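In what follows, a single structure is set out as structure tokens and then discussed.
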Amino acid sequence: MIRAIILLTLLAAPAHADPDRLSILLSSRHVAATVPFKQANPGLFLTWENRAAGLDYSLGAYRNSYGRLSVAAIAALPIWKRDQTQISLFAGVAHYPVDGRDYAVHAGDFVPLAGVQFRHRNIFAQVMPGDGNFTSGIISFGLTFKLGH
């Protein structure tokens, strides 16, 4: 996990010194999984909100469902917001060392991520379609905190 924090810091530094949000990924649920995935997926993500083209950009590191360290870069488009609740569409890429090539769609060990994110106050959930080979879908969730500037 220390390597992930160092990598995240190095990746985030050039973008902007002050991220707007810190998110802690806790767990996931693999719907109709055909292999025994790990459901505990701790990780940290930094998000810069409402940047170029109105998108939110996130960089993070987490323990993937195979038990290995992964890093991900994601862009999200908020499509609905009211008070402390927001729904966004997101897409990005994650590095899945060793296991990425097993996915139906991949570029080496890099796999695409896409789905819908729901956030209410300090709780978030993401819903992603599966690849059809290993799972029908993935639901991940965690805690998120606005960082003061």
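Values in this text are rule-based calculations from the coordinates and carry no lab data. Being a predicted model, the structure only gives us computed values, none of them experimental. Neighbour counts are summed over all protein chains in view; Cβ atoms, including those assigned to glycine, are modelled from backbone coordinates with ideal geometry.
For a quick protection proxy, order the peptides 110-120, 61-71, 32-42, 46-56 by their average other-Cβ count within 10 Å, most packed first.
61-71, 110-120, 46-56, 32-42
So, counting K/R as plus one and D/E as minus one, what does the shell of residues with Cβ under 11 Å around Lys38 add up to?
After counting each charged neighbour, the total is +2.
Is the shape of segment 30-149 best called rounded, prolate or oblate, per the rule: a/c under 1.5 gives rounded, else a/b larger than b/c gives prolate, else oblate, with a ≥ b ≥ c the square roots of the Cα gyration tensor eigenvalues?
prolate
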